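K.L.:
Just dropping this structure here.
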Amino acid sequence: MRNTIVNLIHERAKSDSGIYFLTGDLGYSVVDNFMKEFPDRCLNLGIAEQNMMGAAAGLALEGKKVFVYSITPFVTMRCMEQIRTDVALQNLDVTIIGVGGGFAYGTLGPTHHAIEDIAMMRAIPNMKVVAPSDPASAAVLGRQILDQKGPWFLHLNKGGEPVLYPKIPYMKIGKAFVAKTGKQVSILASGAVAREALEAAELLDKAGIGAEVADVATIKPLDVEFIKDRLKSRRLVVTVEENNLLGGFGSAVAEVAAEFRGTAAFRRLGIDDRYSQSFGSQAYMRKLYGLSGQQIFETVKKIYGKL
Amino acid sequence: MLKRDVQELQRLARVIRSHIVRMIGVGQKGHLGGSCSIADVVTALYFAKMRHDPLNPQWPQRDRFLLSKGHGGAALYATLAHRGFAPLDALSKYARDGSAMAGHIVKDSMPGVETTAGSLGHGLPMAIGRALALKGSRSKSRVFVLVGDGECNEGTTWEGALVAAQFKLDNLVLIVDRNGEQSLGKSDDVLNLEPFAQKWRAFGWTCLRCNGHNFTELRKACDIKNRVAGKPTVIIAKTQKGKGVTYMEKDPLSWHYKTPKDEFLERARKELNA
């Protein structure tokens, strides 16, 4: 997913001399070619993320289209005030690319987990938040981001994700994408964890519960009309995210649900506001928080059974 | 570039200070001490040094100015208005209800205000970004950024010191308003910056020192001739907090936050109008 995005920017940089790409000394084997071809516009600003975000704002003030790349906690919370004050307040064309969304760097330990970023970035006025689920959707959405002005926050997983959509998905920024149809339950998933939601939906189908999966990559601006429609037309709406439940994607949907007279029951699945005490792969970490496909299936089936 | 003699610059700075006192005194909002300490530096830049066009604030060939110590905003607004970027009566709206101008500067709230500032330690990194962009497009424009000495407590100052030297940003000029005072005490009692000049030189910068209230020295320090190829420049401008108003010069700590009322306001006005 990260290679898809970096290659896309690299490609665009060949025809657009206004593109700058900044990295905080990360992206080994991902940014090498880009840096070799454009040493003046693909820059390593060192392990100094606050300065890097300010410099991104400075470049954008000069009319450049700027991408800032690092592992998520370092390119978000480490320089949060620069994002607010320099980038968002001045409404600049800067795209923040965070790699290692959720537990993508599970084994590296809790400093490298990114479970608060969605809530933080959502709370920033002017900031648009996108979390693609697989390389194909990252490519489709990435192209649209390249064509529109920022500020953007791009929550990526990392590399080597399975392709969920073999055919190029018809995805648009700001629109939910129905990845699988189903009449009774609508599972709204955001980010790479959509894979688990798809697995759960297949199991639900087999258990006789028709389950839709909507890939909601754009968390802000949210596809409010789609959500309202599902709150009217389905018996149960469930959100799935690999982020803290407080303030994240599920919260965004809950804000819509709370102010809308729907008929569906509504539940959020995600990280229940606690840090883990044990560590492992992304698959292991998802299981700890009940986010594997099998666990999502069981939880949804139980909730549905009680309706 | 406009050339005025030293006396004319001194007269302008006095008029600008009297505006600063009025803006802050009447509205009872803003930081008077820190605005007065930079008044001469900003006057020197806008009336003697920088390339700019008040009728075309976005002129691509202009030199850029970023006021990083946003609490000195009154000095920038007053200088811009005197330089013709905006009508003088716009200053009466400074930090008032409904105004685009806040106590700390807001980008585009007056033509010529290039960035939003207020939180410290943001100006140098943004200036670095601008300098990178200008270097990339082979522009001859220079980027001036003015920070406070207390502001140099911020870690971004030193991240920026490394990055500007690494990327050979010789189009970047950092001016430090070395008034020696910050919010709760003398700068070097809070976090000692000395040996300050040596620090910058050790980071790979060209470092100059001048009296920040002496126009001959300021003009000399800001001169393009001081530019050393491949090195950013820092000018440590020794200044006096509350400069121009005697009772503030004598008690700079109290006048970081305080705004003069009634008798004090009148005394400051009288002294500056004298």
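The values are calculated or read from the model by the stated rules, or taken from the named source; none is laboratory data. Everything quoted here is computed from the prediction, not taken from an experiment. Here Cβ is always computed from backbone atoms with ideal geometry, including for glycine, and neighbour counts include all displayed protein chains.
K.L.:
Hand me the list of strands (runs of 3 or more DSSP E) wholly inside the stretch A:194-267 holding 2 or more residues that are among the hydrophobic types (A, V, I, L, M, F, W, C) and on the phi < 0 side of the Ramachandran plot. Give the steps one after another, and end with the answer.
P.N.:
On the way: elements: A:211-215, A:218-220, A:236-244.
Ranges flagged: A:211-215, A:236-244.
K.L.:
Could you tell me which numbered condition B:P260 fails, if it satisfies all but one of (1) in contact (Cβ under 8 Å) with a residue 12 or more places away in the chain; (2) surrounded by 14 or more Cβ atoms within 10 Å (Cβ to Cβ); (3) within 26 Å of B:R51 (Cα to Cα)?
P.N.:
That leaves (3) as the condition not met.
K.L.:
Given (1) surrounded by 24 or more Cβ atoms within 10 Å (Cβ to Cβ); (2) within 10 Å of chain A (Cβ to nearest Cβ), identify the lone condition not met by B:L169.
P.N.:
So B:L169 meets the others, but not (2).
K.L.:
State all residues of the stretch B:98-114 that are over 17 Å from B:K29 (Cα atoms) and more than 10 Å from chain A (Cβ to nearest Cβ); if no residue qualifies, say none. Lay out the reasoning, then the answer.
P.N.:
Of all residues in the stretch B:98-114, those over 17 Å from B:K29 (Cα atoms) come to B:107-108, B:110-114.
Once the filter is applied, which keeps residues that are over 17 Å from B:K29 (Cα atoms) and more than 10 Å from chain A (Cβ to nearest Cβ), the stretch B:98-114 yields B:M110, B:P111, B:G112, B:V113.
K.L.:
Moving on to the next point. So which of A:A214, A:A200 ends up being in contact with a Ser or Thr (Cβ under 9 Å, 6 or more places away or on another chain), in contact (Cβ under 8 Å) with a residue 60 or more places away in the chain and not assigned by TED's automatic domain parsing to the domain that holds A:V6?
P.N.:
A:A200
K.L.:
Now for a different question. Being crowded, with 19+ Cβ neighbours inside 10 Å and within 19 Å of A:R286 (Cβ to Cβ): is that true of A:D117 here?
P.N.:
So A:D117 passes the test.
K.L.:
While we're looking at this one, here's another question. Confirm whether A:A136 is surrounded by fewer than 22 Cβ atoms within 10 Å (Cβ to Cβ), under 18 Å from A:A192 (Cα atoms) and among the aliphatic types (A, V, I, L, M). Step through it out loud before you land on a result.
P.N.:
Details: surrounded by fewer than 22 Cβ atoms within 10 Å (Cβ to Cβ): yes; under 18 Å from A:A192 (Cα atoms): yes; among the aliphatic types (A, V, I, L, M): yes.
The answer is yes for A:A136.
K.L.:
What is the residue count in the stretch A:12-43 for residues that are surrounded by 14 or more Cβ atoms within 10 Å (Cβ to Cβ) and under 24 Å from the mean Cα position of the chain (by Cα)?
P.N.:
Number satisfying all stated conditions: 15.
K.L.:
Let me ask something else. Can you name the residue in the stretch A:228-245 that is crowded, with 20+ Cβ neighbours inside 10 Å and out of contact with any Phe, Trp or Tyr (no Cβ under 8 Å at 6 or more places or on another chain) and, of all such residues, is farthest from A:I303 (Cα to Cα)?
P.N.:
Among them, the one singled out is A:N244.
K.L.:
Another question about this same structure. Return the total of residues in the stretch A:139-164 being without any contact (Cβ under 8 Å) to a residue 40 or more places away in the chain and surrounded by fewer than 18 Cβ atoms within 10 Å (Cβ to Cβ).
P.N.:
6
K.L.:
If you don't mind, there's one more thing I want to ask. Can you tell me how many residues in the stretch B:150-164 are at the interface with chain A (Cβ under 7 Å from one of its Cβ atoms) and either in contact with a Lys or Arg (Cβ under 7 Å, 6 or more places away or on another chain) or crowded, with 24+ Cβ neighbours inside 10 Å (or both)?
P.N.:
4
K.L.:
For residues that are assigned to a loop (DSSP other than H, G, I, E, B) and of a type in the set (S, T, Y), scanning just the stretch A:15-32, find the one that is farthest from A:I97 (Cα to Cα). Write out each step before concluding.
P.N.:
First, the residues of the stretch A:15-32 that are assigned to a loop (DSSP other than H, G, I, E, B): A:16-18, A:24-31.
Add one more test, that the residue is of a type in the set (S, T, Y), and what stays is A:17, A:28-29.
On the way: A:S17: 20, A:Y28: 15, A:S29: 16 Å.
In this case the residue turns out to be A:S17.
K.L.:
Within the stretch B:191-202, identify whether any single residue is facing chain A (nearest Cβ under 8 Å) and out of contact with any helix residue (DSSP H, G or I) (no Cβ under 6 Å at 6 or more places or on another chain), and answer yes or no. Walk me through how you get there before you give the answer.
P.N.:
Of all residues in the stretch B:191-202, those facing chain A (nearest Cβ under 8 Å) come to none.
No.
K.L.:
With the requirement that a residue be over 19 Å from A:I19 (Cα atoms), over 20 Å from the mean Cα position of the chain (by Cα) and of a type in the set (A, V, I, L, M, F, W, C), what does the stretch B:125-168 give you?
P.N.:
B:L162, B:V163, B:A165
K.L.:
Here's a follow-up. Find the strands (runs of 3 or more DSSP E) located wholly in the stretch A:33-131 whose residues include 1 or more that are away from chain B (no Cβ under 14 Å) and aromatic (F, W, Y), and list them. So that I can check it myself, show each step before the final result.
P.N.:
Values: elements: A:42-44, A:65-71, A:94-99, A:128-130.
Passing ranges, in order: A:65-71.
K.L.:
Would the stretch B:161-181 turn up any residue that is farther than 30 Å from B:V6 by Cβ and of a type in the set (D, E)?
P.N.:
If we filter the stretch B:161-181 for residues that are farther than 30 Å from B:V6 by Cβ, which is where we start, we get B:161-169.
Now restrict to residues that are of a type in the set (D, E): none.
The answer is no; no qualifying residue exists.
K.L.:
Further, regarding this structure: So, in the stretch B:184-220, of the ones that are small (G, A, S) and touching a residue at least 60 places away in the same chain (Cβ under 8 Å), which residue ends up surrounded by the most Cβ atoms within 10 Å (Cβ to Cβ)? First the steps, then the outcome.
P.N.:
Pass one, the stretch B:184-220, residues small (G, A, S): B:185, B:187, B:197, B:202, B:204, B:212.
Now narrow it down to the ones that are touching a residue at least 60 places away in the same chain (Cβ under 8 Å): B:185, B:212.
Working: B:G185: 12, B:G212: 27.
Restricting to residues being small (G, A, S) and touching a residue at least 60 places away in the same chain (Cβ under 8 Å), the top hit is B:G212.
K.L.:
While we're looking at this one, here's another question. Could you say whether any residue in the stretch B:248-259 is in contact with a helix residue (DSSP H, G or I) (Cβ under 6 Å, 6 or more places away or on another chain) and over 24 Å from B:M23 (Cβ atoms)?
P.N.:
Going residue by residue through the stretch B:248-259, those that are in contact with a helix residue (DSSP H, G or I) (Cβ under 6 Å, 6 or more places away or on another chain) are B:248, B:252, B:255-256, B:259.
Adding the requirement that they be over 24 Å from B:M23 (Cβ atoms) leaves none.
The answer is no, given that none of the residues of the stretch B:248-259 is in contact with a helix residue (DSSP H, G or I) (Cβ under 6 Å, 6 or more places away or on another chain) and over 24 Å from B:M23 (Cβ atoms).
K.L.:
Residue by residue through the stretch B:115-149, note down the ones that are of a type outside the set (S, T, Y), assigned to a loop (DSSP other than H, G, I, E, B) and facing chain A (nearest Cβ under 7 Å). Talk me through it step by step, then tell me what you get.
P.N.:
So the first thing to find is which residues in the stretch B:115-149 are of a type outside the set (S, T, Y), and the list is B:117-118, B:120-136, B:138, B:140, B:142-149.
With the extra rule that they be assigned to a loop (DSSP other than H, G, I, E, B), the set shrinks to B:117-118, B:120-122, B:138, B:140, B:142, B:149.
Answer for the stretch B:115-149, where residues must be of a type outside the set (S, T, Y), assigned to a loop (DSSP other than H, G, I, E, B) and facing chain A (nearest Cβ under 7 Å): just B:H122.
K.L.:
So which residues in the stretch A:240-278 are of a type in the set (S, T, Y) and without any contact (Cβ under 8 Å) to a residue 12 or more places away in the chain?
P.N.:
A:S278
K.L.:
Please specify each residue of the stretch B:118-156 satisfying the condition of being farther than 27 Å from B:M101 by Cα and among the hydrophobic types (A, V, I, L, M, F, W, C).
P.N.:
B:L132, B:A133, B:L134
K.L.:
Just give me the residues in the stretch A:59-86 being in contact (Cβ under 8 Å) with a residue 12 or more places away in the chain and farther than 27 Å from A:P110 by Cα, in sequence order.
P.N.:
A:L59, A:A60, A:L61, A:G63, A:K64, A:K65, A:V66, A:D86 - these are the residues of the stretch A:59-86 that are in contact (Cβ under 8 Å) with a residue 12 or more places away in the chain and farther than 27 Å from A:P110 by Cα.
K.L.:
Then there's this: When the stretch B:46-97 is examined, which residues are found to be part of a helix (DSSP H, G or I) and either farther than 23 Å from B:G27 by Cβ or more than 18 Å from the chain's Cα centre (by Cα) (or both)? Spell out the reasoning first.
P.N.:
In the first step, residues of the stretch B:46-97 are kept if they are part of a helix (DSSP H, G or I); the result is B:46-49, B:70-83, B:88-93.
The answer is B:F47, B:A48, B:K49, B:L88, B:D89, B:A90, B:S92, B:K93.
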